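The values are calculated or read from the model by the stated rules, or taken from the named source; none is laboratory data. On a predicted model such as this, the values are computed, not experimentally measured, just so you know. Because the Cβ atoms are built from the backbone with ideal geometry, glycine has one as well, and the counts that use them run over all protein chains shown.
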């Protein structure tokens with residue numbers, strides 16, 4: 001069984017430690033019980049690229065910091081839609097022997113750098129939060145209602161404390 005994180009830095013605005021963030025993503029997935037053949041993409045893109053994705057899939061103008069594109073295993077779906085929550089890794093039966101394509105997390109380091117200043121944290125702290133946040137979206141967590149948002153934020157902080165802050 002393998003857990004493959006395909007990470008790529010497709011922007012030049014802010015250098016990112018691709019392997020470091022792929023390792024964090026892997027740790028979060030393992031902590032959340034993803035232990036079978038699974039593939040996730042972690043992409044770092046520029047503002048124009050994430051703005052285009054944000055407009056196309058969420059119908060929101062301008063760049064954002066992170067988008068999650070869960071890949072569902074439903075035959076009637078066409079394409080991928082970010083931040084829908086999804087059913088997470090349980091949507092594919094464990095005994096099928098197939099690779100689970102969990103989805104893509106797309107992060108914009110330029111927006112993250114701006115947010116880090118606003119939030120009074122380091123750039124790395126902001127990127128770590130976005131990696132964890134995006135992975136949790138792929139696993140079905142969301143923040144559309146207050147109770148869900150609180151649950152997601154608590155889990156983000158637990159995972160960051162264990163796999164990011166302890167490793168820093």
Could you pull out the residue among 88, 97, 103 that is surrounded by 18 or more Cβ atoms within 10 Å (Cβ to Cβ) and at pLDDT below 65? 88
The condition of being touching a residue at least 12 places away in the same chain (Cβ under 8 Å) and in contact with a helix residue (DSSP H, G or I) (Cβ under 7 Å, 6 or more places away or on another chain) holds, among 12, 25, 51, only for 25
Which pairs do you get when a residue that is at positive phi and part of a loop (DSSP other than H, G, I, E, B), found in region 55-72, comes within reach of a residue that is surrounded by 14 or more Cβ atoms within 10 Å (Cβ to Cβ) and at pLDDT 95 or above, reach meaning Cβ atoms under 6 angstrom, with the pair 6+ apart or on two chains? 62/51
Quick one: how many residues across region 15-32 are outside any helix (DSSP H, G or I) and surrounded by fewer than 17 Cβ atoms within 10 Å (Cβ to Cβ)? 2
Answer yes if at least one residue in region 33-44 is outside any strand (DSSP E or B) and without any contact (Cβ under 8 Å) to a residue 40 or more places away in the chain, and no otherwise. yes
Give the number of residues within region 129-147 that are assigned to a loop (DSSP other than H, G, I, E, B) and touching a helix residue (DSSP H, G or I) at 6+ places or on another chain (Cβ under 7 Å). 5
Residue that is more than 25 Å from residue 13 (Cβ to Cβ) and either touching a helix residue (DSSP H, G or I) at 6+ places or on another chain (Cβ under 8 Å) or not in a strand (DSSP E or B) (or both), where the choices are 150, 156, 126, 118: 150
Return the pair list, or none, for Cβ contacts closer than 8 Å from residues in region 103-128 that are without any contact (Cβ under 8 Å) to a residue 12 or more places away in the chain to residues that are surrounded by fewer than 19 Cβ atoms within 10 Å (Cβ to Cβ) and in a loop (DSSP other than H, G, I, E, B), at least 6 apart or on different chains. 116/122
Looking at residue 154, is it within 17 Å of the chain's Cα centre (by Cα), over 16 Å from residue 104 (Cα atoms) and either exposed (fewer than 13 other Cβ atoms within 10 Å of the Cβ) or modelled with pLDDT under 95 (or both)? yes
Provide a single number: the residues in region 116-151 that are closer than 22 Å to residue 57 by Cβ, surrounded by fewer than 20 Cβ atoms within 10 Å (Cβ to Cβ) and at pLDDT 95 or above. 0
